[in-house]
1. Inside the range 191-213, can you point out the residues that are buried (at least 20 other Cβ atoms within 10 Å of the Cβ) and out of contact with any helix residue (DSSP H, G or I) (no Cβ under 6 Å at 6 or more places or on another chain)?
2. I need the full set of residues from the range 159-187 which are out of contact with any strand residue (DSSP E or B) (no Cβ under 6 Å at 6 or more places or on another chain), surrounded by 15 or more Cβ atoms within 10 Å (Cβ to Cβ) and in a helix (DSSP H, G or I), in order please.
3. With the condition kept exactly as written, say whether any residue in the range 36-45 is in contact with a His (Cβ under 9 Å, 6 or more places away or on another chain), touching a residue at least 60 places away in the same chain (Cβ under 8 Å) and either surrounded by 14 or more Cβ atoms within 10 Å (Cβ to Cβ) or part of a helix (DSSP H, G or I) (or both).
4. Considering each residue of the range 124-155, count those that are surrounded by 19 or more Cβ atoms within 10 Å (Cβ to Cβ), modelled with pLDDT of 95 or more and farther than 20 Å from His375 by Cα, and give that number.
5. From the residues in the range 244-299 that are among the charged types (D, E, K, R) and part of a loop (DSSP other than H, G, I, E, B), which one is surrounded by the fewest Cβ atoms within 10 Å (Cβ to Cβ)?
6. Say we look at the range 56-81 and pick out the residues that are free of Cβ contacts under 8 Å to residues at least 60 places away in the same chain and part of a loop (DSSP other than H, G, I, E, B); which of these is farthest from Ala40 (Cα to Cα)?
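The values are calculated or read from the model by the stated rules, or taken from the named source; none is laboratory data. The shown structure was predicted, so the numbers you read here are calculated from the model rather than taken from an experiment. Neighbour counts run over all protein chains shown; Cβ positions are idealised from the backbone, glycine included.
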Amino acid sequence: MDLDLSKFDFNVETLGECQVPSPLVGERLKFVSDDERIVAVSDSQELSRYQEELGYIPSMETAGPRAKVFQPQLLARAAIVTCGGLCPGLNSVIKGVVETLNQEYGIKDVFGIHYGYAGLADPKTYPPVMLDADKVDTLHMEGGSILGTSRGGQDVETMVQNLVNMRINMLFTIGGDGTLKGAAQIAKEIKRRGLEISVVGVPKTIDNDLQFVGSTFGFETAVYQSTPVITAAHVEARSVYNGLGIVKLMGRDSGFICANAALANPVVNFCLIPEDEWTLDGPNGLLKAVERRFRRKSHAIIAVAEGAGQSNFNGLGEERDASGNVLKHDIGTFLCDRFKSYFADLKIPVSLKYFDPSYSIRSVPASGTDQILCHRLAEYAVHAAMAGKTNMVIGYWNRSFVNVPIPVATYERHKIDINGSLWRSVLACTGQEKYFKGRSK
C-alpha cells in the first residue's frame, strides 16, 4: 500500500456511552468490544516499520454487535436512502438492513426515503414509505433500488431538520464517494446541533474505488456480467477478416472492472484503464498496435474503461453531473471513429463492432457471492448504528468487517497500482505490451 497510514485517524465517532443492554439474544452470540481492532497493514515489513516509527500499528475498529447499545429499542427509528448511480445489490442491502432491524433488534419503525437525498430534503414531494421484513422478502431478486435514487447536493440543514421531524435516530446511507461525503456533512450538522442521530454508510461503488473498505458490493456482479458481452464481441470479431470488437465498461477513475473482466475472460487483447497512460497515434500507439495484431491474427478485442484515454479530449472543456462529478468524454465512440478512419486511410478492411453494456450491467440483481456481501454489510451497519457509531462506513479489510470513518474512506480514489501484481497479471494475460512496442511475434 502506497498510502502513509500515519496520517489517518481510524477512530470512529460515537454519540455517547452505550448504557442499554443489547436486545440480541442467543447462546452462540459473540459480542465485540470497542477495543478489538484489525491491523490496517498485513505486510510484516510494513508492520515493523510502523511499530518502529510510530510506536503503534495503525488499525481499524472491528465491526459487530456490542453487549450494550446506545439506541433504546423502543425509541429507535431508522431511515434508509440510496443515492448515486444504480448498482447490483442495492435492494439486497435495503433488505438486509430492514431484516436485521426487524428480526434481530425488534425495531419496527423503518422508513425508506424515496430518491436519495432529494427525498430527505423534500419528504412532501417524495413521501417516505414504511418498510418491514414482509415487504422486502423477495427484494433481492430485483435489480435497481426499490427506493429510487438521485444525484445532486441538497441543503444539509433541511435534511437534518427532516430527520428530527420524523424522529429518526439512525440514518443508513447506501452510496459511493459523493453519497458518503454528503453523509459526513449530515453527521457534522447533527453534531453541531447536539443531536443523537447515527449516520452509517454502506459502501456502494460499482467501480470499487473507495479506500479501506475492500471489495464493494456489485463489483463482482459487474465483472461477471461483462463476460457474455466480451464473449459476444470475440465471436463477432473472429468470425470475419480483421474483426475488431470494442467493449466499453464502467470505471470513471478506476479500472478495476475492466482489468478483472480481462482476466475473467482472457480473450481480451487490449485492456485500457484510466490509471495507465497510452497514446493513440505514433509507432507505439494503440492504432499501430491493433494493426500489428491484425498481421498476427485477423481479429482483436479491446476492453476500455469509460474514464480511459481522456487526454485525447484536451481542449474540449469540462462538464459535471448534478453531484459535481466530472463527466467523462465518450472514449468508446471516439475509438470507433478513429479506428475506422485509420484503417480506411491504409485501405485495410476492418469489421468493427461496438458494445456498451454499462446500464444493462448495473441494473441487474446481485450475483450469489455479492448477495452474501450485501447482507453482511447491512447487518454490520445496523450493529454500528445501534451502538451509536456515526460518520462511518462498513468495510471488509484483512478478512474482517471493520468500522471505517467516512473521511478515511473518501480521502482519495482507490486506483489500480500499475506497478502492482493485478496490472502485471492483466499485461501477461492480454499480451498487449508486445503490440504496443512493435513485437508482434
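1. Pro203, Lys204, Thr205, Asp207, Asp209
2. Correct list: Met159, Val160, Asn162, Leu163, Asp177, Gly178, Lys181, Gly182, Ala184, Gln185.
3. No.
4. 1
5. Looking at the filtered set, the residue picked out is Glu277.
6. By that ranking, first place goes to Pro72.
This table checks each residue for (1) over 29 Å from Met141 (Cβ atoms); (2) surrounded by fewer than 18 Cβ atoms within 10 Å (Cβ to Cβ); (3) basic (Lys, Arg).
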{"site": "Asp345", "(1), (2), (3)": "yes, yes, no"}
{"site": "Ser351", "(1), (2), (3)": "yes, yes, no"}
{"site": "Lys389", "(1), (2), (3)": "yes, no, yes"}
{"site": "Trp397", "(1), (2), (3)": "yes, no, no"}
{"site": "Pro405", "(1), (2), (3)": "yes, no, no"}
{"site": "Cys429", "(1), (2), (3)": "yes, no, no"}
